[in-house]
Amino acid sequence: MSSKGETSVLSSAAEGEEGANEFQLHTKIIHSDLAPEQVKYAIETFNLAMEQYSTEKDVALELKKKFEEKHVGTSWQAIVGEWFGCSLTHKTKSALHFQMRKTSSTIHVLLFQSD
């Protein structure tokens, strides 16, 4: 099952508070076969990680860590960056690819469960 479309995840900070994360306003789901609540959790976790960390590697590590904590006994992989190519195998109903746009760049996020 594939789900595509644009969505916005707006927190109170995105609605005008000072220090709002500008990534929160422009989210596009490229592919998802995760449950909607998992997609929401992934986007919220990404936004928090972007505020806490300065490198894409650290943001990816935080996503991986949070999904493995939430889904104990599973192994998740995360790729975060402006440009990347990949070929991968993932468990059924456990992949998400979305992009976050900000003024000058677009960050892609690929999150999936592996065995």
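The values are calculated or read from the model by the stated rules, or taken from the named source; none is laboratory data. Since this is a predicted model, take the numbers as computed values, not measurements. All Cβ positions, glycine included, derive from the backbone under ideal geometry; neighbour counts span all protein chains shown. These accessible areas exclude ligands, DNA and RNA; they are computed on the full protein's heavy atoms, side chains included. Shrake-Rupley method; radii C 1.70, N 1.55, O 1.52, S 1.80 Å.
Rolling a 1.4 Å probe over the protein chains gives residue 57 an accessible area of about 150 Å². Were the residues from residue 71 through residue 101 laid out at 0.36 nm apart, the gain over their Cα-Cα distance would be 8.0 nm. Among the listed pairs 65/102; 28/102; 40/70, which are separated by more than 20 Å between their Cα atoms? Beyond 20 Å between Cα atoms: 65/102. Residue 81: net charge of surrounding residues, Cβ under 11 Å, Lys/Arg +1, Asp/Glu -1, itself excluded? So the environment of residue 81 carries a net charge of -1.
Excluding residue 63 itself, what net charge comes from residues whose Cβ is under 15 Å from its Cβ, given Lys and Arg +1 and Asp and Glu -1?
On the way: positive: 40, 57, 64, 65, 66, 70; negative: 44, 51, 56, 58, 62, 68, 69.
Combined, the nearby Lys, Arg, Asp and Glu give -1.
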